[in-house]
């Protein structure tokens with residue numbers, strides 16, 4: 001198993017064993033497990049990621065295709081947008097979601113709030129400046 005896959009597997013197991021909570025570098029951070037299918041393989045993948053809850057709508061969360069500041073979009077982003085939906089595990093709940101990519105001022109506002117709360121996201125944006133804009137996806141309970 002590769003290092004990222006091993007880290008994901010450990011994070012997923014810890015998340016499920018502790019009602020959606022994990023320790024280490026993500027202790028206290030809001031995490032979801034995002035289920036998506038490979039757009040070519042059809043294989044199901046589960047990707048742990050931080051999210052930002054909508055200010056007033058409990059059925060909406062935002063996720064960020066930062067890929068830790070890499071120059072390319074993550075595969076989960078391509079898979080999820082191609083499918084138009086997926087499944088999330090949030091805390092002890094599992095539910096279907098639809099996907100909507102934010103653009104313009106709305107995208108910028110949501111990303112800025114995530115970067116304010118978690119400065120690492122500002123660093124990712126600096127790393128990708130001039131290369132790509134980090135996508136922000138709205139996941140809405142279906």
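Remarks
- Taking 7, 76 and counting other C-beta atoms within 10 Å, the order from fewest to most: 7, 76
- Ordering of 15-25, 111-121 by packing is 111-121, 15-25, highest average first (other Cβ atoms within 10 Å, averaged per residue).
- Ranked list, fewest to most other Cβ atoms within 10 Å of each Cβ, for 11, 72: 72, 11
- Full-extension gain in nm, residue 21 to residue 116, via 0.36 nm per residue minus C-alpha separation: 32.0 nm
- This ranking places 14, 126 by how few other beta-carbon atoms lie within 10 Å of each, fewest first, which gives 126, 14.
- Per-selection Rg to Rh, the chain - Cα, Kirkwood hydrodynamic radius: 0.93
None of the figures in this text is laboratory data; all of them are computed from the coordinates on show. Since we're looking at a predicted model, the values are computed, not measured. Quick reminder, even Gly has a Cβ in these numbers, built from the backbone with ideal geometry, and neighbours come from all protein chains shown.
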